[in-house]
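The structure appears right after this line, and notes come after that.
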Amino acid sequence: MSTTKGSLFTPVDINALSLCNRFAVAPMTRVSANEDGTATERMARYYARFAQGGFGLLITEGTYTDQAFAQGYRYQPGMADEAQALAWRPVVEAANRHGARFFAQLMHAGAISQGNRFRDGTVGPSAIQPRGSQMAFYYGNGAYPAPVAMTEEQIVEAIDGFAASAERAVAIAGFDGIEIHGANGYLIDQFLTDHTNRRNDRWGGDTRARTAFAVAVFKAVRAKVGEDVPVGIRISQGKVNDFTHKWAGRERDAEVVFGTLADAGVDYIHVTEQEAWKPAFDGRQDSLVTFARRYAPKLALIANGGLQDVSKAEAAVESGADVVAFGKGALANPDLPRRLSAGRDLALFDPSILGPVADIKAREFAS
Ligand SMILES: Cc1cc2nc3c(=O)[nH]c(=O)nc-3n(C[C@H](O)[C@H](O)[C@H](O)COP(=O)(O)O)c2cc1C
């Protein structure tokens, strides 16, 4: 572990919200809510540990947005009604008490839902069977079924779900900001992706047309939470069911996706790749972080993916990131910022923490 040069320890603002440093905990689904989607005491203690460990920003696990098709996993938390939002409140308060800001990640699973207690079957932009297979550590098994193509009414319902959930997250739960989950193969990414979106209405077509759903979700969220609350969106090429997917239009797609979101008025973009420092496209030098900085020059930028080696995290800041999010590195080191500032080595990630099911283990909240 190289020693830190310190840029990660400087404060930074997203919209008007100040973060005490540039260390964020990446969103990580831990299927540890009650069956009804309410957050638990165990979750409060798990998240608080990262705040105590010095992270300036925490982002929740993907939290479902409606009582229709949004839920992806059994025991996933929701923001789809008042009871779910109220249950998040002590979780947020515990993190805030230790000095961390806390953003709610809002997620609609779409075609890759593998557990939904409200509806049978799945929906997506088009009736195309998802690639890959369901994740056993989230209680999944076998292939994903083919979804039903969403009607216009279902699309509007999904957008309204994001907006109403964002309002609950801020007004009831007390979150400091909203992250729209536009990455990793879930519904918004299904609209962004050429092979899962074959629509020829206003929600499909070329890359710009395929951003229409993301933009509509963002605008609906913004209308509910107002200008002062930070609202960002997470974007990736790879998907949980298709890790190696690359944008066919390469840099041109990056320009359209990041540029369109910037024009729409998002406060930040959270870029994630398996290994975020690597070139985004074969034969090019630039990473997706660099492209996001180039085509969304004024936005705050969060970088994520394999950056737990601090020299890589520092390099991400040098290539334009304002904040670096840590996933597995944070699971292994809930006190990662404090360890680094004390010059202590980081622990290696132990995959057994996520098995056989990815729920929060007792050792993750023991003090
Ligand atoms: C157990 C686990 C659950 C995850 N759940 C989510 C999620 O709910 N939302 C999301 O955007 N990304 C999720 N991710 C992806 C992480 O946020 C992150 O992008 C990934 O782990 C790569 O970053 P890292 O190398 O720092 O771990 C999850 C990752 C892990 C390991």
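The values are calculated or read from the model by the stated rules, or taken from the named source; none is laboratory data. Quick caveat: nothing in here was measured; it's all calculated off a predicted structure. In this analysis, Cβ positions are derived from the backbone assuming ideal geometry, glycine residues included, and neighbour counts consider all displayed protein chains. Surface areas here come from the heavy atoms of the whole protein model, side chains and all, with no ligands, DNA or RNA. Shrake-Rupley method; radii C 1.70, N 1.55, O 1.52, S 1.80 Å.
Some points to look at:
- Other-chain or far-sequence residues with amide H under 5 Å of F102's (modelled H): L58, D176, G177
- The gain in end-to-end length when the D263 to Y139 segment is fully stretched comes to 40.7 nm, 0.36 nm per residue minus the alpha carbon separation.
- For region 1-148, the alpha-carbon radius of gyration amounts to 1.19 times the rule-of-thumb value 2.2 N^0.38 Å expected for a compact globular protein.
- Within region 236-297, the chymotrypsin sites (Phe, Trp or Tyr not before Pro) that combine a DSSP coil assignment with at most 16 other C-beta atoms in a 10 angstrom radius are F243.
- If you count Lys pairs in region 7-364 whose Cα atoms are under 21 Å apart, skipping same-chain pairs closer than 8 places in sequence, the total is 8.
- Here S341 sits with roughly 80 square angstrom of accessible surface, probe radius 1.4 Å.
- Residues in region 332-367 that a label on E41 would reach, taking backbone N under 19 Å of a point 7 Å out along Cα→Cβ: 360-367
- Sequentially through region 299-306, phi angles give Karplus couplings (6.51, -1.76, 1.60; θ = phi - 60°) of 7, 5, 9, 9, 10, 8, x, x Hz, Gly and Pro residues having no value and appearing as x.
- Gaussian network model of the chain, springs between alpha carbon atoms under 10 Å - residue of Q67, Q285, Q76 with greatest fluctuation: Q285
- Sequence-ordered 3J(HN,Hα) estimates for region 32-37 from the Karplus curve with 6.51, -1.76 and 1.60 and θ = phi - 60° stand at 10, 7, 5, 4, 7, x Hz, glycine and proline given as x.
- Ranked by solvent-accessible area (1.4 Å probe, protein heavy atoms only, all chains present), the residues K246, K328, K239, K361 order from largest to smallest as K328, K246, K361, K239.
- Spatially, region 308-351 and region 15-57 are offset by 16 Å when compared through their Cα centroids.
- Candidates T151, T260, T290: whichever shows maximal mean-square fluctuation once the chain is modelled as a Gaussian network with Cα springs under 10 Å: T151
- Point-charge dipole on Cβ atoms (K/R +1, D/E -1) for the chain, about Cα centre, debye to 20: 680 debye
- Top of A70, A292, A216 by mean-square fluctuation, Gaussian network on the chain, Cα under 10 Å: A216
- Kirkwood Rh and Cα Rg combined as Rg over Rh, evaluated for region 269-367: 1.03
- Tensor-based shape of region 7-364 (alpha-carbon gyration tensor, a/c under 1.5 rounded, otherwise prolate or oblate): rounded
- Sequence-distant residues sharing a close amide H with V231 (under 5 Å, placed H): I178, D267, Y268
- For region 102-114, 3J(HN,Hα) per residue [Karplus equation, 6.51 cos²θ - 1.76 cosθ + 1.60, θ = phi - 60°, Hz, x = Gly/Pro]: 9, 9, 8, 8, 9, 9, 10, 6, x, 5, 9, 5, 10
- Model label points for A332 and R252, set 7 angstrom from Cα along the Cα-to-Cβ axis, are 4.0 nm apart.
- Helical segments meeting 27 Å axial Cα length and Kyte-Doolittle 0.0 threshold in the chain (DSSP H): 152-171
- In the context of the full set of protein chains, region 7-364 has a per residue accessible area of 37 Å² (1.4 Å probe).
- When the solvent-accessible area of region 163-317 is split by element, carbon and sulfur atoms take up 47 percent of it, the probe being 1.4 Å.
- Qualifying trypsin sites (Lys or Arg not before Pro) for region 1-80 [loop in DSSP, other Cβ within 10 Å: at most 13]: K5
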